[in-house]
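Reviewing the structure listed below.
The values are calculated or read from the model by the stated rules, or taken from the named source; none is laboratory data. These numbers come from a predicted model, not from an experiment. Using ideal geometry, Cβ is built from the backbone for each residue, glycine included, and neighbour counts are taken over all protein chains shown. Side chains are part of the model used for accessible areas, which takes the heavy atoms of the whole protein and leaves out ligands, DNA and RNA. Shrake-Rupley method; radii C 1.70, N 1.55, O 1.52, S 1.80 Å.
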Amino acid sequence: MTAWLVRRLLWSMLVLVIVSGVTFTIFFAIPANPAELIAGKYASKQTIASIEKRLGLDQPKPVQFVRFLGRAAIGDWGFSYTSQQQVREAIGQAFPKTLSLTFGAVVVWLLLGIPIGVISALKPRSLWDRLAMIFALIGISAPAYWLGLVFLKVFSDMLGWFPLGDYAEIAQGGWGAWAHHLALPWVTLALLYAGWYARMTRAEVMHVSSMDYVRTARAKGLSPSTVVWKHVLRNALLPIVTMLGMDVAYLFGGAVLTETVFGIPGIGGLAWRAIRQRDLPMVMGTVLFAAIFIVVANLLVDIVYTFLDPRIKVEA
Amino acid sequence: MAPSVFVALWLCSGCGSNGPSPSSYPPGPESGKPLHGGKLIFLRETDPDYLDPGLAYTILGAPLVQACGRTLLGYPRRPGPDMNHLEPDMAQSMPAVLEGGRVYALKVRSDERFGAPVLRHVTAADFKYAIERLFRVDSPGLSFFMNIEGASDFQLHKAKEIRGLVARGDSLYIRLDSPRPALLYALAMNFAIPVPPEVGEKHAQDYSQHIVSTGPFNLAEYSPRRRVVFVRNPVCRVQPFADTVEVRLGVTAENAVAQIRKGQADGGFFELPASEYARLRRDPQEHDQVQVADDLSVYYLALNMRIKPFNDLRVRQAAAWAMDRRALVKVWCGKGDVAYEVLPDGIPGYAPGELYHVPDLPKARELLRQAGYPGGVDVTLYARNEEPDPRTAEVFQAQLAEAGFRVKIEIIDGASFYAEVGRPSNNFQLMLGSWIMDFPEGSDFMDVLLNGERITDQHNNNLSLYDNKAVNAAIDRNLAEADMPKRAAEWARIDKAVMRDCAVVPYLHARNTRYYARRLGGYFYHPIRVLYLDRVYIKEPRAAAAAFKAAR
């Protein structure tokens, strides 16, 4: 197990270096010089050269990349070119917001998606099944920004039940205000994923229900609920866990559209603004941050597998 | 508590305003009795680029920077026809002009003080430091001060200070390389807001977070992507109505409009979305709350005069005759006036253009035929990926096609657009250009956009690469002209010469739109300052005013 873990960690670090390299290359492939953007519309050559020197952009690209890696390895992710904030500090401020959004949305979509999928699978071609699949289709098809705008219009603007965007810190407004501000973003984000999870759960439950061991369990006289809970769901959830791990890690990198529509200052908005402003340190920081989560989530999913299905063993 | 009651309370908490309803206030900016004190809430989607006065360079950031900073010269803090005229602000009087316009002498008022934590008198040395600091932080405002004697040496690190800037007590002397009356406008820009050296040096990299105020407000908090909070600066000579102003960041324009309409916010720094603009203008309750003002800008089609086919005057004229600029106003949802000249109305020297008013397609085709393109010509038009540029490009494409131009559209990302079109070596044929003034004077348009001597191989603003020796000489002469009416008349003459050469095809002078809550009073659009946060106030509600009258 230890050797496997060490090997996986080394591979993970290599993945992060490759991700950084690709991001770095793409950044400089775009025809825009951050120094020119900072210098303003009247900038002279001297001013641009001076900014390039100050930011280290006058160095050869490989040198800049190696320097970045060296600093990143010791936790120094640099300063934003535009806000002059430390990248780590900016990410540190944005992450709790993204975490709050993701956490609530995951709870909502699991509470919606899995029961709907199970009911739908257990009563195939029934009215429930058809309604559930229509719900899934709507959830998958409706873009998050559109749903968000509709929710804001109806529940915030017309009915006045929820705030018009914004984010409330727990420290300032308490848990109630925090949840109140996030309720609509949670549902918006969750509906998209709930649709996927309902369909996935339905397919997996139907597949597992047709297996011999499930038939045997039924033949032994076990109650239908026991068969579903103990024999079907436990196996049907394996691919769901894989998907969940990846989705959560992906969302930790920022749900740009939902964050933008609801004015949540999370990682997604930070990354989006950095890309638009050619803010290299912030772009590298947010991409690397998201990549770390995806790599770690992969690792965790592999470990969780061994607990969910004892037949799977980690091979050193 | 019953669960339903809890849910009802939870749903209603934090999303309504606590004060009287919006309809309790009289509409419009000038009605209602001003209340002193209170907190104003403004909204905007993006962060200000910087709060550091040496670095901030966006028009929507101006009210925030100027909340904490004033300059030696300024503009009237009241609406009116003279609001673009310079007047002394932190200076005792308008500067004395010496040595034939090469030297300006100003004196700082004796009652000007820095806010907390510095709390000392502002001296001329603080202004000198602020201008020299622009060179240390590579400010986008450098070019406005490059005419000061010794500025180039200072930038190249050949001198320890700018020798043309002399500070003695409260007196500041500015010596220029050559007479440039436009320097006075530069002294009213945020780049010239004084900075105390003791704080500027300590926070060289993050002065945005440590602003020392000379304005009506002190900066209490700046949390990027969350909020900027200003509180009254008690030592400032200019006292605001409100005690606190909070600017909430990250609020989309649609959400901002809804919050203002519901009375949850007082105003914002954003352009009204087209759909909201039309709806609010139609709504009798909200009509008076929408403010429309001239941007003092010009949007134009730049035609590269160095390469084919636009190096031929007849081809440029053909393009101008083919264009129906009135259609463009529709693309802009009515937020602008048709432009037939470079200088917008409001800039001294504005004179309505006389050429190419009505499209004349037969004439355009004939000019193209005479220029050697009887079968038409292929050209490429470059535009930003930000609305309404792509739609504008499509309208031009259709209109120019009628005359024989086969236009291919290339869309470039907004962040890199000006860097790309600013490189003459790219040989772009047609470009959608725009310019919003930095200060209300003709040189900010003519010298920047049309002086051939200013063409550079990088960051070039003369997109058409227009280089007419006579026009260049006229611009250079006029830059030194101190007689303002004479100067304005000359800008008008140069504008007409440029139009005759068809160096650019202006199509729109844009208007901007703002939306304010009914409880807010005292707002007016200032073309340079945008909004004076110290002049806006909360109105006394109607019921309270009536009760007060009845009691008396």
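Structure summary
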read-out	value
Number of the exception - B:GLU453 against (1) in a helix (DSSP H, G or I); (2) open to solvent by less than 30 Å² (accessible area, probe 1.4 Å); (3) free of Cβ contacts under 8 Å to residues at least 60 places away in the same chain	(2)
All helices (runs of 4 or more DSSP H) inside region A:68-151 with 2 or more residues being within 14 Å of chain B (Cβ to nearest Cβ)	A:87-122, A:144-151
Single match in B:PHE230, B:PHE270, B:PHE217 (criterion: modelled with pLDDT of 95 or more, within 28 Å of B:SER24 (Cα to Cα) and in contact with a strand residue (DSSP E or B) (Cβ under 7 Å, 6 or more places away or on another chain))	B:PHE230
Some residue of region B:137-147 being over 27 Å from A:GLY40 (Cα atoms) and outside the structural domain of B:GLY346 (by TED's automatic domain parsing)	no
B:GLN239 without any contact (Cβ under 8 Å) to a residue 24 or more places away in the chain, open to solvent by 20 Å² or more (accessible area, probe 1.4 Å) and part of a loop (DSSP other than H, G, I, E, B)	no
Subset of region B:219-236 [open to solvent by 20 Å² or more (accessible area, probe 1.4 Å) and within 29 Å of B:SER110 (Cβ to Cβ)]	B:LEU219, B:ALA220, B:VAL231, B:ARG232, B:PRO234, B:VAL235
Only one of B:ASP467, B:ASP438 that is open to solvent by 10 Å² or more (accessible area, probe 1.4 Å), assigned to a loop (DSSP other than H, G, I, E, B) and away from every other protein chain (no Cβ under 14 Å)	B:ASP467
Residue within region B:119-141 that is in a loop (DSSP other than H, G, I, E, B), more than 22 Å from B:ASN461 (Cα to Cα), modelled with pLDDT of 95 or more and in contact with a Ser or Thr (Cβ under 9 Å, 6 or more places away or on another chain) present	yes
Any hit, region B:365-381, residues being touching a residue at least 40 places away in the same chain (Cβ under 8 Å), farther than 20 Å from B:LEU313 by Cα and of a type in the set (A, V, I, L, M, F, W, C)	no
Search result, residues across region A:10-63 that are without any contact (Cβ under 8 Å) to a residue 12 or more places away in the chain, within 30 Å of A:VAL295 (Cβ to Cβ) and either open to solvent by less than 40 Å² (accessible area, probe 1.4 Å) or away from chain B (no Cβ under 14 Å) (or both)	A:LEU10, A:TRP11, A:MET13, A:LEU14, A:ILE18, A:VAL22, A:THR25, A:GLY56, A:GLN59, A:PRO60, A:PRO62, A:VAL63
Test: residue in region A:70-90 that is open to solvent by less than 80 Å² (accessible area, probe 1.4 Å), in contact with a helix residue (DSSP H, G or I) (Cβ under 6 Å, 6 or more places away or on another chain), modelled with pLDDT of 90 or more and polar (S, T, N, Q)	no
Options B:GLN259, B:GLN209: the member that is within 14 Å of chain A (Cβ to nearest Cβ), of a type in the set (S, T, N, Q), more than 13 Å from B:LEU64 (Cβ to Cβ) and crowded, with 24+ Cβ neighbours inside 10 Å	B:GLN259
Selection status of B:HIS157, within 14 Å of chain A (Cβ to nearest Cβ), surrounded by fewer than 21 Cβ atoms within 10 Å (Cβ to Cβ) and part of a loop (DSSP other than H, G, I, E, B)	yes
Top-ranked residue of region B:415-435 - restricted to ones that are part of a helix (DSSP H, G or I) and more than 8 Å from every other protein chain (Cβ to nearest Cβ), ranked as surrounded by the fewest Cβ atoms within 10 Å (Cβ to Cβ)	B:SER425
